[in-house]
Structures are given as structure tokens and as C-alpha cells.
Amino acid sequence: MSIYVIFIGFALISWLVQQTLQSKFRKYSQIALPSGLTGKEVAERMLRENGVLDVKVQHVRGQLTDHYNPATKVVNLSDEVYMSNSIAAAAVAAHECGHALQHAQAYAFLTMRSRLVPIVSFASRWMQWVLLAGILLLQSFPQLMLAGIILFALTTIFSFVTLPVEINASTRAIGWLNATGITDRGSRPMAVDALRWAAYTYVVAALGSLATLVYYIMIFVGGRSRD
């Protein structure tokens, strides 16, 4: 019974964090950056001033679709960031450029995450089916459930490896925004606040994945103990 309480708790926390994050970004998207730079200009300047000259900044459609693609060396900025001169846009653009800096400097956790991507992609595609079949066949074929747990564990590891990658990118973004004076005394706490709440989503996701992994392990151990 307690494991279900934990699941409900994580679901509620995740919802609250997402709602708060969206509220923060809506608020900070209405406040202009003192320098007046757009997200595109912030990204290009951060890359240039950090000596990363082989990364392009491009526009990508959608909402919250901002990301850095290490394979193509492109910082992709969404509709709400690319041409906006808001504090939120600057924070997001600088954060994505933080990933480009990590890539250029061979940041260990980013390298590790990149190597895990094809493995986790395979695990994510099959783990739910393997786990479902494993639960149904637990008594007669427990190895299938164990295989599903291993696949799920890989995605959990990926979630935890992602944490330092995202936190470090935000730290780089905040440090650069402050050092260059793009954010002033009034706007600086807002940029920090926006990126902090974005980081919380990754923390909740990682802990939720760990709780789910423990749940599947408990099912496996419980089923085996009845043999």
C-alpha cells in the first residue's frame, strides 16, 4: 500500500512542479531583458564569447522544444525564445548554449549521457511490453520480468546521469549572464528562478523513475518468494 502512496505523491509533486514552472515562464516571458537582446542574439553571443564557433543557432517550431543537438552542433530555439527579448528567453537560450559548451569541453556526464542514448532508446521502446509480459509470466518464466527490470534500470540510470548535465548547463548559463551584465540586479534573480524550477522537473523525474524501479523489483521478489 505504501508504494502506491509514494506513486501518488510523486505524481502530485510532478504536477505542482510543472504548473509552477509554466507559471514562472509565463511571468518572466512578459518581462523584457534590460539589454534588449533576443534569445537568438543571447545564444550567438554566448557561443562566440566562449570560443564555440562551430555551433549554429536555429529556430524550431513548437513550445518548449528548445534543445541542443550534439550530432549536428545546432542550438534549436523554440517560437517563444528565438525572437523574444524576455528574461525567460535569455535564460532558456543560455541554458541550451551551456550544453554546447559542455560538448565543446567534453563534459564527462554529457559524454556519458550521449553514449547511453542508443541503449536507452532501445530500452524505452521495449521495457513496458517486457515488464507486462514478465508480470503475467512471473511464475513460469521469471527471467522475462528480470529482463524488463534491467531495461527499466537503464532508463533510471539515464535520468540520474541527466541531472548533473542539466544543472551544470544552468550554472554555466547563470554565470555567463551575470558576468556579461546581460542580466542586471533586478532581472538576475528571475533568470535564476526560472532555471531552478526547470531543474526541479528533472529531479522529480529521476526520483519517480527510481520509485517505479523499486516497485517492479518488489513485484519480482514477491513473486519469487511464493515459489
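The values are calculated or read from the model by the stated rules, or taken from the named source; none is laboratory data. Predicted model only: the values in this text are computed from it and were never measured. FYI the Cβ positions are ideal-geometry reconstructions off the backbone, even for glycines, and counts take in every protein chain you see.
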Whichever residue in the range 53-99 is over 18 Å from Ala198 (Cα atoms) and of a type in the set (Gly, Ala, Ser) and, among such residues, is farthest from the chain's Cα centre (by Cα): Ser84
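To keep it simple, each residue is scored yes or no on (1) within 18 Å of the chain's Cα centre (by Cα); (2) part of a helix (DSSP H, G or I); (3) free of Cβ contacts under 8 Å to residues at least 12 places away in the same chain.
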residue	(1), (2), (3)
Arg113	yes, yes, no
Ile119	yes, yes, no
Trp126	no, yes, no
Trp129	no, yes, yes
Leu138	no, no, no
Met145	no, yes, no
Gly148	no, yes, no
Ser159	yes, yes, no
Pro164	yes, yes, no
Checklist (1) of a type in the set (S, T, N, Q); (2) at pLDDT 95 or above; (3) under 22 Å from Thr201 (Cα atoms) applied to Gln105, failing item: (3)
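Confirm whether Ser23 is over 25 Å from Ser114 (Cβ atoms), surrounded by fewer than 17 Cβ atoms within 10 Å (Cβ to Cβ) and modelled with pLDDT under 95. Write out each step before concluding.
Working: over 25 Å from Ser114 (Cβ atoms): yes; surrounded by fewer than 17 Cβ atoms within 10 Å (Cβ to Cβ): yes; modelled with pLDDT under 95: yes.
Yes; evaluated as a whole, the condition is true for this residue.
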Restricting the range 166-192 to residues that are of a type in the set (Val, Ile, Thr) and part of a helix (DSSP H, G or I), the residue that is surrounded by the most Cβ atoms within 10 Å (Cβ to Cβ): Ile174
Residues located in the range 69-93, provided they are surrounded by fewer than 24 Cβ atoms within 10 Å (Cβ to Cβ) and under 23 Å from Tyr107 (Cα atoms): Asn69, Pro70, Ala71, Thr72, Lys73, Val74, Asn76
Filter result for Val214 (in contact with a Leu (Cβ under 9 Å, 6 or more places away or on another chain) and more than 26 Å from Ser29 (Cα to Cα)): no
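Restricting to the range 1-49, name every residue that is assigned to a loop (DSSP other than H, G, I, E, B) and over 15 Å from Ile182 (Cα atoms). Write out each step before concluding.
So the first thing to find is which residues in the range 1-49 are assigned to a loop (DSSP other than H, G, I, E, B), and the list is 1, 29-31, 33-38.
Scanning the range 1-49 gives Met1, Ser29, Gln30.
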